[in-house]
Amino acid sequence: MTVSRDPSVGALSGLRVVDASTLFAGPMAAMHLGDMGADVVKVEHPTKPDPSRTHGAARDGTNLWWKTLGRNKRTVAVNLGSDGGREVFLGLVEHADVVIENFRPGTLERWGLGYDELSARNPRLVLARVSGFGQLGPYRTRPGFGTLAEAMSGFAAMTGEPDGPPTLPPFGLADGVASLATAFAVMVALSTRERTGHGQVVDTAIIEPILAMLGPQITRWDQLRTTQPRTGNRSSNNAPRNTYRTSDEQWVAVSTSAQSIAERVMRLVGRPDLIDEPWFASGVERARHADELDAVVGGWIAQRTREEVVVAFEAAQAAVAPIYDAQDIVDDPQFRALGTVHEIDDPDLGPMLMQGPLFRLSDNDGVIRFTGRAHGADTDEVLGELGFTPERIAALREDGAV
């Protein structure tokens, strides 16, 4: 669907967010809020824009990642380290509900823009601080990226083949998880503000939210002194669970997290006798027989096309999914029914497809009002809304503050 730039739509209409963050957790958190209707102003340095503008694929010199990450954000170019830039930022803060930043801890304070200064100007402000290691502790000033969080959280240690090295994801997993945690924390802080009347600081360390996605690894270590081994695509909690190649050189994924599903799969592939094995009644025990179960399931799947496998599993009410790439996602009827993929009119590239907001609301659903804007495209407009005259804006530009 093609949508408008009307800022009055969305559940968070009227919420004002200043996004002073880069690469990727902070900007993605601001994107989530913008998708729900918040008026997001993206603040970038006049000569050093957000590196995500040059990250990944481009078409005709136009970056595609930024078109998504920068959507629903007006962009202003401000040098926060200058006196004029500080003046502009404080003006933005005065009219904002939320500021999201991911500078190294202590940077805002060095510029005279710490929470004491910001809250003095706006006591209701929520300041979301996103950093690799948080605002406290011995690592607080280290450079921090999602890759380091994926390494230190335990994710890499448990990901990969048993005889292979620890494996990192091919995308910003920890950043994405941290973006969700930050957006959630912002909404908690705003809800609290309704009761207390004042804002507060949100401290998101990228190394922490991904821990919650990894299950009880810490509790397991505390109680059993064991850690989860690398098992490739297999699970240590149930089997069969793997990816399997079909006869037409496609792939499917099978899950049997529920006992009833595991039994249906065995009946489907012609091995109901395995259900009567004593070990089959437990997911953990089935996982210890993964070689045998994979051979049975994989052999059956290998004799059939992907479509035949999916149809048969669906008829048996067993759990299977084709392994998709982006083209498959765009063509899939379930994603179409959900409205997952949106078509947006982009001023640079014309009609453009991208994934939409994370969820649907029966009222005030999320909307992509516009794609990522050019660097500093809205500087004059936003500063004008703050009361800066054209002459003052020109002087700030002359000084390199904007």
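The values are calculated or read from the model by the stated rules, or taken from the named source; none is laboratory data. Worth saying up front: this structure is predicted, and the values here are computed from it rather than measured. Here the Cβ positions follow ideal geometry from the backbone for every residue, glycine too, while neighbour counts run over all protein chains shown. Accessible surface is based on the protein model in full, side chains and every heavy atom, while ligands, DNA and RNA are left aside. Shrake-Rupley method; radii C 1.70, N 1.55, O 1.52, S 1.80 Å.
Observations
- Against the list (1) out of contact with any Pro (no Cβ under 9 Å at 6 or more places or on another chain); (2) in a loop (DSSP other than H, G, I, E, B); (3) open to solvent by less than 30 Å² (accessible area, probe 1.4 Å), the condition GLY160 fails is (1).
- Of the residues making up the stretch 172-229, those that are part of a loop (DSSP other than H, G, I, E, B) and not polar (S, T, N, Q) are GLY172, GLY197, HIS198, GLY199, ILE206, ILE207, GLU208, LEU214, GLY215, PRO216, ARG225, PRO229.
- Residue in the stretch 65-80 that is crowded, with 16+ Cβ neighbours inside 10 Å, more than 15 Å from PRO347 (Cβ to Cβ), touching a strand residue (DSSP E or B) at 6+ places or on another chain (Cβ under 8 Å) and of a type in the set (Phe, Trp, Tyr) present: no
- Taken over the stretch 268-287, the residue count meeting the criterion of being hydrophobic (A, V, I, L, M, F, W, C), closer than 17 Å to ALA316 by Cα and either touching a His at 6+ places or on another chain (Cβ under 8 Å) or open to solvent by 30 Å² or more (accessible area, probe 1.4 Å) (or both) is 2.
- Any hit, the stretch 316-324, residues being β-branched (Val, Ile, Thr), part of a strand (DSSP E or B) and in contact with an Asp or Glu (Cβ under 8 Å, 6 or more places away or on another chain): yes
- Sole residue being touching a Pro at 6+ places or on another chain (Cβ under 6 Å) and either among the β-branched types (Val, Ile, Thr) or over 19 Å from THR196 (Cα atoms) (or both), chosen from ASN72, ASN79, ASN102: ASN79
- Within the stretch 127-149, residues that are part of a loop (DSSP other than H, G, I, E, B) have Cβ atoms under 7 Å from residues that are of a type in the set (Phe, Trp, Tyr) and surrounded by fewer than 18 Cβ atoms within 10 Å (Cβ to Cβ) in these pairs: GLY132/PHE145; PHE133/TYR139, counting only partners at least 6 apart in sequence or on another chain.
- Scanning the stretch 252-267 for residues that are surrounded by 23 or more Cβ atoms within 10 Å (Cβ to Cβ), within 16 Å of VAL284 (Cα to Cα) and among the aliphatic types (A, V, I, L, M) yields a count of 1.
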